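None of the figures in this text is laboratory data; all of them are computed from the coordinates on show. Bear in mind the structure is a predicted one, so any value in this text is a computation, not a measurement. Here Cβ is always computed from backbone atoms with ideal geometry, including for glycine, and neighbour counts include all displayed protein chains.
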Amino acid sequence: MTYPPPPPPPSSSTNLGTIRTYILIAFIFSIISAIAWVIAGLFYISLFAAAAATAGAFGVGFVAAAFLIPAIVFLVMMVFAILVFLRVWKMYKVINAGDIATLKATSNIVWAIIALIFAGVIPGIMLILADGPIKQL
């Protein structure tokens with residue numbers, strides 16, 4: 001009994017196209033998440049300003065704890081989301097230039113997990129999905 005030959009391995013141009021798509025999706029959604037963290041932080045800072053102006057029986061200390069702590073958390077998350085965005089942008093520029101050695105050097109599962117935590121589910125999953133084909137190049 002003869003078996004048909006195995007399918008040919010995917011070409012590197014097909015892998016590069018797939019990786020480019022994954023990185024582009026991660027790029028777009030990391031921009032969106034960074035903007036969302038900025039908006040959330042500024043919203044809580046404006047809530048603090050409005051509540052501090054009308055602070056009554058509780059005083060400014062309670063208002064600061066209620067609004068400034070979440071604002072600081074959102075702004076710290078924004079910093080990490082911007083770092084993820086810059087890393088994805090670098091990967092996107094490298095893949096468009098066709099520099100596979102630099103692409104392999106910049107691809108790291110740790111950055112994918114950081115993206116998953118700080119930049120959102122979609123950029124993190126896209127970076128995780130792109131890591132396998134990048135390692136195969």
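General remarks:
- The set of residues in segment 36-55 being within 21 Å of the chain's Cα centre (by Cα) and surrounded by 14 or more Cβ atoms within 10 Å (Cβ to Cβ) consists of A36, W37, V38, A40, G41, L42.
- Whenever a residue of segment 37-48 is under 18 Å from F118 (Cβ atoms), its partners that are crowded, with 19+ Cβ neighbours inside 10 Å and of a type outside the set (A, V, I, L, M), lying with C-beta atoms within less than 6 angstrom and at least six residues away or across chains, give the pairs W37/F74; A40/F74; G41/F74; Y44/F67.
Residues checked against (1) touching a residue at least 24 places away in the same chain (Cβ under 8 Å); (2) within 9 Å of the chain's Cα centre (by Cα); (3) assigned to a helix (DSSP H, G or I):
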residue: W89; (1), (2), (3): yes, no, yes
residue: K93; (1), (2), (3): no, no, yes
residue: N96; (1), (2), (3): yes, no, yes
residue: T102; (1), (2), (3): no, no, yes
residue: V110; (1), (2), (3): no, no, yes
residue: L116; (1), (2), (3): no, yes, yes
residue: L129; (1), (2), (3): yes, no, yes
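Quick grid of which residues meet (1) aliphatic (A, V, I, L, M); (2) under 17 Å from G17 (Cα atoms):
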| position | (1), (2) |
| --- | --- |
| A49 | yes, no |
| A64 | yes, no |
| F67 | no, no |
| I95 | yes, yes |
| V110 | yes, no |
| I113 | yes, no |
| V121 | yes, no |
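- Only listed residue being surrounded by fewer than 20 Cβ atoms within 10 Å (Cβ to Cβ), more than 19 Å from I32 (Cβ to Cβ) and of a type in the set (A, V, I, L, M, F, W, C), chosen from I72, I125, I114, I95: I72
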